[in-house]
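Undergrad: Right, I'll just put the structure down here and ask away after.
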Amino acid sequence: MQDQNTSVVAEWFKASKYDLQPEKRVDKNDRFKISKKDNVENGLMKIMNLQPEDSAVYYCKLNGKFGPGKINAEKAVKRSRIKDTMIFIQALLLVAVVVTPLVLRHKQVSSTRMSKIIKEDSDV
């Protein structure tokens with residue numbers, strides 16, 4: 001059993017399919033953030049700015065053994081696009097809610113001014 005104070009180091013690998021051997025080691029960079037999790041050094045991997053080419057099976061090698069972790073980037077990107085679309089629709093609705101009263105108020109003021117002008121012209 002591992003001592004709680006002893007840090008274990010994990011390594012991350014990527015394979016294109018589940019039943020294939022890991023082909024490529026994943027290293028820290030701008031998109032792949034690898035950090036400590038509990039007492040495991042490099043035990044947590046986060047993929048930033050997920051891209052379709054990130055769709056793969058990711059393996060964590062710990063104590064000489066691989067363990068799988070799956071990610072489907074295409075689904076994640078699709079969900080992100082749906083979320084972006086919903087945010088855009090909400091923004092349009094918000095603009096409509098804000099602009100409509102302003103337009104109605106402007107119409108009312110214009111109508112009142114026009115009535116005054118017509119009344120002044122008829123009085124002359």
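Undergrad: With a 10 Å cut-off between alpha carbons and a GNM built on the chain, which of K65, K78, K46 moves the most?
TA: K65
Undergrad: With +1 on the Cβ of every Lys and Arg and -1 on the Cβ of every Asp and Glu, and nothing else charged, how large is the dipole of region 74-124 about its Cα centre, in debye rounded to the nearest 20?
TA: Dipole size: approximately 460 debye.
Undergrad: Would you mind calculating the relative contact order of region 8-71 from Cα pairs under 8 angstrom and at least 6 residues apart, reporting the percent as a whole number?
TA: It comes to 36 percent, rounded to a whole number.
Undergrad: Determine the gain in length on full extension of the stretch T112-L94; use 0.36 nm per residue of separation and subtract their C-alpha separation, reporting nm with one decimal.
TA: Working: separation 18, 0.36 × 18 = 6.48 nm, distance 2.80 nm.
That pair, T112 and L94, stretches by 3.7 nm at full extension.
Undergrad: What angle, in degrees between 0 and 90 and rounded to the nearest 10, separates the Cα long axis of helix 73-123 from the longest principal axis of the Cα atoms of the chain?
TA: 10 degrees
Undergrad: Please report the antiparallel percentage of the DSSP beta bridges confined to the chain, to the nearest 5.
TA: Roughly 90 percent of the beta bridges in the chain run antiparallel, per DSSP.
Undergrad: Based on Cβ point charges of +1 for Lys and Arg and -1 for Asp and Glu, what charge dipole magnitude is obtained for the chain about its Cα centre, in debye rounded to the nearest 20?
TA: 180 debye
Undergrad: Moving on to the next point. Given the options V97, S122, T112, identify the residue whose Cα lies farthest towards the positive end of the charge dipole of region 74-124 (+1 on Cβ of Lys, Arg; -1 on Cβ of Asp, Glu).
TA: V97
Undergrad: Beta carbons within 10 angstrom, averaged per residue: use that to sort the peptides 30-39, 84-93, highest first.
TA: Numbers: 30-39: 12.6, 84-93: 10.0.
Descending mean neighbour count gives 30-39, 84-93.
Undergrad: Identify which of the listed values of percent of Cα pairs over 25 Å apart was calculated from the structure shown: (1) 55; (2) 26; (3) 16.
TA: (1)
Laboratory data are not the source of any read-out in this text; all were calculated from the coordinates shown. Remember, predicted model here, so these are calculated numbers, not experimental data. Quick reminder, even Gly has a Cβ in these numbers, built from the backbone with ideal geometry, and neighbours come from all protein chains shown.
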